[in-house]
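Novice: What follows is a structure written as structure tokens; I'll ask about it next.
The values are calculated or read from the model by the stated rules, or taken from the named source; none is laboratory data. On a predicted model such as this, the values are computed, not experimentally measured, just so you know. Positions of Cβ are backbone-derived with ideal geometry, glycine not excepted, and every protein chain shown enters the neighbour counts. In case anyone asks, the SASA skips ligands and DNA or RNA and just uses the protein heavy atoms, side chains included. Shrake-Rupley method; radii C 1.70, N 1.55, O 1.52, S 1.80 Å.
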Amino acid sequence: MQLRDYQQTAVDDLRSAFGNGSRAPLLVLPTGGGKTFVFCYIASNAANRGNKTLILVHRQELLRQTSDSLTALGVRHGLIAPGASPRFGELVQVASVQTIVRRFDQIQSAGWSPDLIVPDEAHHATAGTWRQVLDRWRSARILGVTATPCRMDGSGLGEVFDAMIEGPQIADLIDAGHLSP
């Protein structure tokens, strides 16, 4: 599986942001732009370097979609979700944000802590449960990913993220043949 040109540009821009001192960049790609594939690709590269990545999701469908993408990339991973058995020997974990908060003690007992946290649907990152996870591992870098970098409650994502990387707009993806009109 290969990154599309705009996805590779996003990965390169994220690397530059981290290299220039950003601790928590936010990647904005429209729905259908391949956000899941991009952050799974990044998690794969992090694991290849021995770094631990925690991917946070808030719905079961996103947990399955992320797990399927990691599997397609050949990335061994654990799931922290209802009904899943812990596999803290894996460098990549995909977690339901609600479940991980309830299992902080279990994760700490296992000695697992992330180097990189990836909140999917990162516009939720300022909400209470999400903030608990981010505050738990303050030394980890953060890579937020969203299609909608605004919150209806008006809280600013700048509370969590310190740089924004914008991918192409929907019209650009349609013109390039990546999305249907």
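Novice: Thr146 fails exactly one of the following numbered conditions: (1) open to solvent by 60 Å² or more (accessible area, probe 1.4 Å); (2) closer than 26 Å to Asn51 by Cα. What is the number of that condition?
Specialist: If we test Thr146 against (1) open to solvent by 60 Å² or more (accessible area, probe 1.4 Å); (2) closer than 26 Å to Asn51 by Cα, just (1) comes out false.
Novice: Moving to a separate point now. Is it true that Arg87 is open to solvent by 10 Å² or more (accessible area, probe 1.4 Å), among the basic types (Lys, Arg) and part of a loop (DSSP other than H, G, I, E, B)?
Specialist: yes
Novice: In region 116-135, how many are open to solvent by 10 Å² or more (accessible area, probe 1.4 Å) and either among the hydroxyl-bearing types (Ser, Thr, Tyr) or in contact with a helix residue (DSSP H, G or I) (Cβ under 6 Å, 6 or more places away or on another chain) (or both)?
Specialist: The qualifying residues number 6.
Novice: Has region 77-98 got any residue that is among the basic types (Lys, Arg) and within 15 Å of the chain's Cα centre (by Cα)?
Specialist: No - not one qualifying residue is present in region 77-98.
Novice: Pick from Leu63, Leu26, Leu70: which is in contact with a strand residue (DSSP E or B) (Cβ under 6 Å, 6 or more places away or on another chain) and either open to solvent by 30 Å² or more (accessible area, probe 1.4 Å) or outside any helix (DSSP H, G or I) (or both)?
Specialist: Result: Leu26 is the single residue among Leu63, Leu26, Leu70 that is in contact with a strand residue (DSSP E or B) (Cβ under 6 Å, 6 or more places away or on another chain) and either open to solvent by 30 Å² or more (accessible area, probe 1.4 Å) or outside any helix (DSSP H, G or I) (or both).
Novice: So, Thr31, is that one out of contact with any strand residue (DSSP E or B) (no Cβ under 6 Å at 6 or more places or on another chain), within 22 Å of Ala147 (Cα to Cα), surrounded by fewer than 17 Cβ atoms within 10 Å (Cβ to Cβ) and touching a residue at least 40 places away in the same chain (Cβ under 8 Å) or not?
Specialist: Yes: the conditions hold for Thr31.
Novice: Would you confirm, using the coordinates I've provided, whether Asn45 is under 26 Å from Tyr6 (Cβ atoms), in contact (Cβ under 8 Å) with a residue 60 or more places away in the chain and open to solvent by 10 Å² or more (accessible area, probe 1.4 Å)?
Specialist: No, not satisfied.
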